Amino acid sequence: MAHPQTHGHDHQGGHGSVKSYVIGFILSIVLTIIPLVLVMNHMMSKVALITTIVLMAVLQLLVQLFFFMHIREGEKPRYNVMTLILGLVIVFTIVAGSMWIMSFNSQVQ
């Protein structure tokens, strides 16, 4: 009657080590603190600051994908990456198309 309770989790594969989680956590904290310090201390011009914030956000996204969501792991990691790229293309198309339509609309009126 002594069955280990796994609650639907397979502990033998697909999960990162404690070391990778700690590295990901530290990188996430650093990538959050850098823009905060830059904004609070007015260390850059407005354009450079926005560029830095966007760059840190993209790096934060990559850290989350690789260290916490295990985008490279699994049975077929190539399909995970291809699905992510397709999703990004769709989002970019929708956002760029919406901005293009809105800019055209403002020129017509």
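The values are calculated or read from the model by the stated rules, or taken from the named source; none is laboratory data. Note that the structure is predicted; figures quoted are calculated from it, not measured. To get the accessible areas, we keep the full protein, side chains included, count just its heavy atoms, and leave off ligands, DNA and RNA. Shrake-Rupley method; radii C 1.70, N 1.55, O 1.52, S 1.80 Å.
Here are the numbers for the structure shown:
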quantity: Histogram of C-alpha separations across the range 50-94, 10 Å bin width, %; calculated: 26, 45, 27, 3
quantity: In degrees, nearest ten, helix 46-63 long axis to first principal axis of the chain (Cα); calculated: 20 degrees
quantity: Principal axis dimensions, largest first and in whole angstrom, of the chain by Cα; calculated: 74, 37, 25
quantity: Segment Y79-T93, extension gain: residue separation times 0.36 nm, minus the distance between their alpha carbons; calculated: 3.0 nm
quantity: Protein accessible area in the range 15-69, 1.4 Å probe - carbon and sulfur %; calculated: 83 percent
quantity: Computed lengthening from V22 to I101, 0.36 nm per intervening residue step minus Cα-Cα distance; calculated: 24.0 nm
